[in-house]
Amino acid sequence: MIDFRSDTVTKPTPDMLQAMMKAEVGDDVMGEDPTANLLQEKVAALLGKEGALFVPSGTMANHVSIRAWTEPGDEVILHKLSHTYLYESAAAAALCGVQLSLREGDRGILNPNDVAEAVHDAQRDHFPRSRVVMVENTHNIGGGSVYPVEVVKEISEVAKKKGLVLHMDGARLFNACVASGVEPQDYARHADSISICFSKGLGAPVGSAVAGSKEFIKRAHRFRKMFGGGMRQIGYLAAAAIYALDHNIERLAEDHENARLLAEAISRLECFRLDLDAVETNMVFFDVVAKDLDALRVVAMLRQEGVLMGTITNRRIRAVTHLDVSREDVLKAIEVFEKLFSERKT
Ligand SMILES: Cc1ncc(COP(=O)(O)O)c(C=O)c1O
């Protein structure tokens, strides 16, 4: 099977497993896991922040951050297609007690003026207290789109002026960095808190981190425990994350090239519509325009031929490239697409 469903499906390589086996470990709830501590120092340095905290998932990274910045009844401003709104089991409501203010924006990218307009007057008790602006970089459902760093800067200036903080969901921050040439620190300097994931394009089996000021990390640490994310001998997992940071960032460029190769081939088929300009990183979104097909049917046909992809709507399909999809795999997948769909009309 050639698995384009997500970049979360990768399995650790033998070298990563070796690094995990050799890890020194301790009880991390007691702050005594040397490898987790090393990872946290490494992430803080990489992002230019005072501290960082290892957490089990991107979802927890976002919610310890939201909870650390807010009180129940506060409001978080974010894009209407953000992962936190669509795919995190309403944790913002259930765990943090906050309201989400959903905004528009081309391909997942918020507009600074729109953010400014969304902020409520803090003096009026009728309104929720606007507290956090959240940006997702790259933006998943926006198409793997890269936030222009100047837009992040403008949004952070709006936030600061109005007394809000900016949290960046950087589950795929390194895809954004590799695609844009912007250094991780140069994105992170505009964020009061920032999350990254090791278990997506970077190929680790588990784990994410949040980074920010010492004070923020202290609060996030408390909520990590409260949300059930205090783990014990996690050095084995932290070692995989360290390996991923050391070995798997630059190679994301290959995933981006593979995504483009696949996208170019799909864009030539009449039964699909694909905007090549929208393919910026490792994600390829395309729509089924043939009347006698829909996304589920296409995905089922591909599966029969050993190619896995995911549906977003009944017309929209997403394919994601990653460490476990080689260029040869992409070429094979292209052959499958051509065999199945080159004769199909709209
Ligand atoms: C942009 C974004 N943020 C957060 C997450 C959540 O990560 P996890 O699945 O580790 O909870 C994902 C997962 O795919 C994501 O794409």
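The values are calculated or read from the model by the stated rules, or taken from the named source; none is laboratory data. On a predicted model such as this, the values are computed, not experimentally measured, just so you know. Quick reminder, even Gly has a Cβ in these numbers, built from the backbone with ideal geometry, and neighbours come from all protein chains shown.
Among the residues of segment 1-51, which ones are of a type in the set (Gly, Ala, Ser) and either under 30 Å from Ile312 (Cα atoms) or within 16 Å of the ligand (Cβ to nearest atom) (or both)?
Ser6 - this is the single residue of segment 1-51 that is of a type in the set (Gly, Ala, Ser) and either under 30 Å from Ile312 (Cα atoms) or within 16 Å of the ligand (Cβ to nearest atom) (or both).
Please work out if Leu95 is surrounded by fewer than 22 Cβ atoms within 10 Å (Cβ to Cβ), closer than 20 Å to Cys197 by Cβ and out of contact with any Lys or Arg (no Cβ under 8 Å at 6 or more places or on another chain). Walk me through how you get there before you give the answer.
On the way: surrounded by fewer than 22 Cβ atoms within 10 Å (Cβ to Cβ): yes; closer than 20 Å to Cys197 by Cβ: yes; out of contact with any Lys or Arg (no Cβ under 8 Å at 6 or more places or on another chain): no.
No, not satisfied.
Output the residues belonging to segment 48-73 that are closer than 22 Å to Lys200 by Cβ and in a helix (DSSP H, G or I). First the steps, then the outcome.
In the first step, residues of segment 48-73 are kept if they are closer than 22 Å to Lys200 by Cβ; the result is 48-49, 52-66.
Matches in segment 48-73: Gly58, Thr59, Met60, Ala61, Asn62, His63, Val64, Ser65, Ile66.
Taking Ile217, is it within 19 Å of the chain's Cα centre (by Cα), surrounded by fewer than 24 Cβ atoms within 10 Å (Cβ to Cβ) and in the same structural domain as Leu53 (by TED's automatic domain parsing)?
Taking the combined requirement at face value, the residue does not satisfy it.
Please enumerate the residues belonging to segment 164-219 that are away from the ligand (no atom under 16 Å from the Cβ) and in a strand (DSSP E or B).
Val165, Gly212
Among all residue pairs at least 6 apart or on different chains, which show Cβ distances below 7 Å where the first residue, located in segment 255-278, is surrounded by fewer than 18 Cβ atoms within 10 Å (Cβ to Cβ) and the second is acidic (Asp, Glu)?
Arg273/Asp287; Leu276/Glu264
Among the numbered criteria (1) part of a loop (DSSP other than H, G, I, E, B); (2) in contact with an Asp or Glu (Cβ under 7 Å, 6 or more places away or on another chain); (3) surrounded by 22 or more Cβ atoms within 10 Å (Cβ to Cβ), which one does Gly142 miss?
In the conditions (1) part of a loop (DSSP other than H, G, I, E, B); (2) in contact with an Asp or Glu (Cβ under 7 Å, 6 or more places away or on another chain); (3) surrounded by 22 or more Cβ atoms within 10 Å (Cβ to Cβ), Gly142 misses (2) alone.
Does segment 24-40 hold any residues that are part of a helix (DSSP H, G or I) and not small (Gly, Ala, Ser), and which are they?
Selection gives Asp28, Val29, Met30, Pro34, Thr35, Asn37, Leu38, Leu39, Gln40.
Anything in segment 29-50 that is within 20 Å of the chain's Cα centre (by Cα) and within 19 Å of Gly229 (Cα to Cα)? List them, or say none.
Leu39, Gln40, Val43
Just for segment 313-329: of the residues that are over 17 Å from Met301 (Cα atoms) and of a type outside the set (Asp, Glu), which one is surrounded by the most Cβ atoms within 10 Å (Cβ to Cβ)?
Thr321
Give just the number: which of (1) within 30 Å of Gly306 (Cα to Cα); (2) touching a strand residue (DSSP E or B) at 6+ places or on another chain (Cβ under 6 Å); (3) assigned to a helix (DSSP H, G or I) does Val43 not satisfy?
Every condition holds for Val43 apart from (1).
Can you say whether Ala159 is more than 20 Å from the chain's Cα centre (by Cα) and over 14 Å from His190 (Cβ atoms), as far as the supplied structure shows?
Working: more than 20 Å from the chain's Cα centre (by Cα): yes; over 14 Å from His190 (Cβ atoms): no.
It is false that Ala159 is more than 20 Å from the chain's Cα centre (by Cα) and over 14 Å from His190 (Cβ atoms).
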